[in-house]
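Worksheet for the structure shown next.
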Amino acid sequence: MEELGALLHGFAVVITPYNLLMMLIGITLGILIGVLPGLGGANGVAILLPLTFSMSPTSAIIMLSCIYWGALFGGAITSILFNIPGEPWSVATTFDGHPLSKQGRSGEALTAAFTSSFVGAFLAVILVTFLSPLIAKFALQFGPPEFFAIQLLTFCSFVGMGKESPFKTIAAMMLGFALAAVGIDTMTGQLRLIFGWHELLTGFHFLIAVIGLFGVGEILLTMEEGLAFKGASAGINTRVVLDTWKKLPKYWVTSLRSAAIGCWMGVTPGGATPASFMSYGLAKRFSPTPDKFGRGSVEGVVAPETAAHAAGTSALVPMLTLGIPGSPTAAVLLGGLLIWGLQPGPLLFVEQKDFVWGLIASMYLGNIAGLIVVLTTVPLFAAVLRVPFSIIAPIIIVICAVGAYTVKNAMIDVYMMLIFGIVGYVFKKLGYPLAPMVLALVLGDMAETAFRQSMLFSQGSVGVFWSNPLVGSISTLAVVTLFWPLLQRAVGFLRGKAG
Amino acid sequence: MRSAKQIFAMGGALAAALALFVTTDAVAQWKPTRTIEFIVPAGTGGGADQMARMIQGIVQKHNLMDQPLVVINKSGGAGAEGFLDVKGSRNNPHKIIITLSNLFTTPLATGVPFSWRDLTPVAMLALDEFVLWVNAETPYKTPTEYINAVKKEPGKYKMGGTGSKQEDQIITVALERATGAKFTYVPYRGGGEVAVQLVGKHVDSTVNNPIEAVAQWRAGQLRPLCVFDTKRIALTDKIAGNMGWGDIPTCAETGLKIDYVMLRGIFMSPGATKDQVDFYVGLFQKVRATDEWKKFMAEGAFNTTFMTGDDYRKWVEANENLHRDLMKEAGFLAAN
């Protein structure tokens, strides 16, 4: 076990009082960054990056990657409490996390989210420890057709699972695609759908849409309901962590499946966001009680959080071994590596053993430290909901506005956020689902680029999505997933006929 | 009464201090009085972003300035977001921007109204080189061998590059026009991704900048065929096996008369005074003198030409004309 020895060496590098201190600072900063919508892990790391130039590369990466873990943990907090996803990958956490919170079970939801995050990350780190070189080889097989097949799989695993009519789902999704198309077209370099209005050059940023649709929309709804925020009655129970832990083991299948999806998506730079959506969709499909999803199912929190964290962790593998970042935060860390004089790429594992194994060891320790920090804060965060809603609502609006402004330092985004808030309110009133729209807005651009690159490859033939075993099996899986409910019904029908 | 006296005394002191301040200010040069925004008209992790963050780190580490420098990415609309922001900040000397070729290509290709003439030129920091790369497992050792293979099967060979109607595609079209070969150009989002796609054999060649592909070259996965410059890169250290940057022939040596370098330069908001420009020129001269900067330049195999004032202005003007010609030939100009 060569890796085990290297890992122990890594622990020896990491466990110095100075490095442990950097780790704690990083985790705490990261949680704060994750809690504030708009700031985001990538921005947080970018802001703090220059501070680390005078540190040794190992200490610097430990602190920065701990900010990354912290942000992953922190993103769940506002999603659950206020229906405001602090990070793109926590959108799926709001689906069940916020209903739980409204039922006064926010402590349970937070504990489930944090614990699943930890489990996801831990499984991914084990994978990173032992299989990095293999993973790197696998990731190299991903060209545009493979990327598109994965995007297709994400969409397919999400279609037809809502309570709403499929037509409303499709309408919302198409609107999301339309919004995603605004701005510059990567493939031709032309401007699209901006109608001569240069403020739209940059397109609609996903975070602004999410803050508006979910956060502001939710507040408008609550206002209509007479400012009654049902979570307010929640008692603070310090034993909530232990009580929730007793319930979690029964979701082990969901955890494992979500961790596998997460690792896979993180390695093939699909990223944490599609991973969380896909695993939520699949968890619902395979659950014995799919009706509970969307109304406050703990399983619906476990699935996206496990996947997001597993993806976030394994995204560091392509960054270190190939030099391609699997997430925006990884992209900033990549810039950091170069500045510290380290060259990410195939030789990093050979030439910079201290650095690489120190980083991997810090992933283990950072996640354990992170879990302890966030779990101790569960009662504290749950208590936030005891503050009367009429006081907390304006604070949330201000935080949302600051968050929207931070994304691009532009006032127009704050107005945009308000408009999205009204859209979100109207959608909810009319029974249109928000999730498909958000999913299309996040992934529409990437899916479109991958599709058009594939079409360039194949001179316009769709056969390219079945041109080799890898892409063929993903595409087939996507199509099967899409028609699964119909297939199930057909099988049931045939059985009924036979019986 | 006493308090009135005090006030008088204070007033006197204040006036004296003010007078002192004014005189020293007239003698000394302009200095920033608040945080300087350093705009990057590209995404995080790219070449311009890396350079900007490197500068930020150097300024901080060596204490080159009293006020902090903050890097802000404004990448929307192929960089138009960043350029329009600086263009709209007339008389704000606390805003500078680092450029890449999209200073020329974005307005030419999209018609978004900005040009370098709307900004105040400060200094050229470096020029980024372009290299023709193929996968190391392919048999091509020279550009001629590769181009001949491409010519045999028009459209079959895929050239991967960053963005559309930007530098990578401009070079690809120039290559096609010079040789008669026909590539299928596939645009990607970033240079790092392009290099990995070449390692995975999803594309057949790229024109990556040195820093984007050096890791894969060192690992023996990619092979450089020629550099698109008029002279070889002046770096002799060995990178992969017995080859260093200086051992890569120029494309012109092998009969491909194409040269293209990308500006890594600094501009500031319109309406800046000479004092303000001089301050930034001085700042970047200090940055250039540090060991960190020199190491960074060597790692990325940059051409380290430094220009300011009229030289810089003339260079930018000539480069703009070059881009207009290249893009016109390629049919990339916006319709209006």
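Sort through A:VAL471, A:VAL442, A:VAL464 and tell me the only one that's crowded, with 17+ Cβ neighbours inside 10 Å and at pLDDT below 90. Unique residue meeting the criteria: A:VAL442. Kindly indicate whether B:ASN242 is among the polar types (S, T, N, Q) and either within 14 Å of another protein chain (Cβ to nearest Cβ) or out of contact with any Phe, Trp or Tyr (no Cβ under 8 Å at 6 or more places or on another chain) (or both). Yes. Filtered by the rule that a residue be facing chain A (nearest Cβ under 7 Å) and closer than 18 Å to B:THR138 by Cβ, region B:176-194 gives B:THR184, B:VAL186. Candidates in region A:150-184 are the residues that are within 14 Å of another protein chain (Cβ to nearest Cβ) and at pLDDT 85 or above; of these, the one that is surrounded by the fewest Cβ atoms within 10 Å (Cβ to Cβ) is A:ALA181.
Of the candidates B:THR206, B:THR230, B:THR273, the single residue that is over 27 Å from B:VAL40 (Cβ atoms) and either away from chain A (no Cβ under 14 Å) or under 19 Å from the mean Cα position of the chain (by Cα) (or both) is B:THR230. When B:THR138, B:THR120 are checked against the criterion of being over 21 Å from B:PHE296 (Cβ atoms), among the β-branched types (Val, Ile, Thr), in contact (Cβ under 8 Å) with a residue 40 or more places away in the chain and in the same structural domain as B:MET297 (by TED's automatic domain parsing), B:THR120 stands alone in meeting it.
Filtering region A:403-417 to residues that are at negative phi and either surrounded by fewer than 16 Cβ atoms within 10 Å (Cβ to Cβ) or among the charged types (D, E, K, R) (or both) leaves A:LYS408, A:MET411, A:ILE412, A:ASP413, A:TYR415.
In region A:186-199 there is at least one residue that is modelled with pLDDT under 85 and in a helix (DSSP H, G or I).
Number of residues in region B:42-101 that are without any contact (Cβ under 8 Å) to a residue 60 or more places away in the chain, facing chain A (nearest Cβ under 7 Å) and small (Gly, Ala, Ser): the value is 3. Within region B:65-107, the residues that satisfy the criterion of being assigned to a helix (DSSP H, G or I), modelled with pLDDT of 90 or more and not hydrophobic (A, V, I, L, M, F, W, C) are B:GLY82, B:ASP85, B:LYS87, B:ASN102, B:THR105, B:THR106, B:PRO107. Filtering region B:212-262 to residues that are touching an Asp or Glu at 6+ places or on another chain (Cβ under 6 Å), over 23 Å from B:VAL194 (Cβ atoms) and not β-branched (Val, Ile, Thr) leaves nothing.
Considering region B:154-168, the residues that are in contact with a Gly (Cβ under 9 Å, 6 or more places away or on another chain) and within 15 Å of B:LEU198 (Cα to Cα) include one that is nearest to the other protein chains (Cβ to nearest Cβ), namely B:THR162. Looking only at region B:108-124, how many residues end up being in a helix (DSSP H, G or I), within 14 Å of chain A (Cβ to nearest Cβ) and within 20 Å of B:ARG313 (Cα to Cα)? Going through region B:108-124 one residue at a time, the tally reaches 2. Restricting region B:236-290 to residues that are in contact (Cβ under 8 Å) with a residue 60 or more places away in the chain and basic (Lys, Arg) leaves a set whose member that is surrounded by the most Cβ atoms within 10 Å (Cβ to Cβ) is B:ARG264. Just one of the listed residues (A:ARG257, A:ARG295) is over 30 Å from B:GLY57 (Cβ atoms), not in a loop (DSSP other than H, G, I, E, B) and not aliphatic (A, V, I, L, M), namely A:ARG257. When region A:103-145 is filtered for residues that are within 14 Å of another protein chain (Cβ to nearest Cβ), surrounded by fewer than 24 Cβ atoms within 10 Å (Cβ to Cβ) and in a helix (DSSP H, G or I), the ones remaining, listed by number, are A:PRO133, A:ILE135, A:ALA136, A:LYS137, A:PHE138, A:ALA139, A:LEU140. Annotation note: of A:ILE399, A:ILE391, A:ILE360, the sole residue that is more than 14 Å from chain B (Cβ to nearest Cβ), under 20 Å from A:GLY26 (Cβ atoms) and in a helix (DSSP H, G or I) is A:ILE360. Screening B:GLY82 against (1) buried (at least 20 other Cβ atoms within 10 Å of the Cβ); (2) within 13 Å of the chain's Cα centre (by Cα); (3) among the small types (Gly, Ala, Ser) leaves a single unmet condition, (2). For region A:1-99, the helices (runs of 4 or more DSSP H) that sit wholly inside it and include 2 or more residues that are more than 25 Å from A:VAL119 (Cβ to Cβ) and without any contact (Cβ under 8 Å) to a residue 40 or more places away in the chain are A:2-14, A:17-35, A:40-48.
Residue-level check: of (1) under 30 Å from B:MET297 (Cα atoms); (2) more than 10 Å from every other protein chain (Cβ to nearest Cβ), A:LEU347 misses just (2).
The values are calculated or read from the model by the stated rules, or taken from the named source; none is laboratory data. Owing to the predicted nature of the structure, the values given are computational and were not obtained by experimental measurement. A quick note on method: Cβ atoms are made from the backbone with ideal geometry, for glycine too, and the neighbour counts reach across all protein chains shown.
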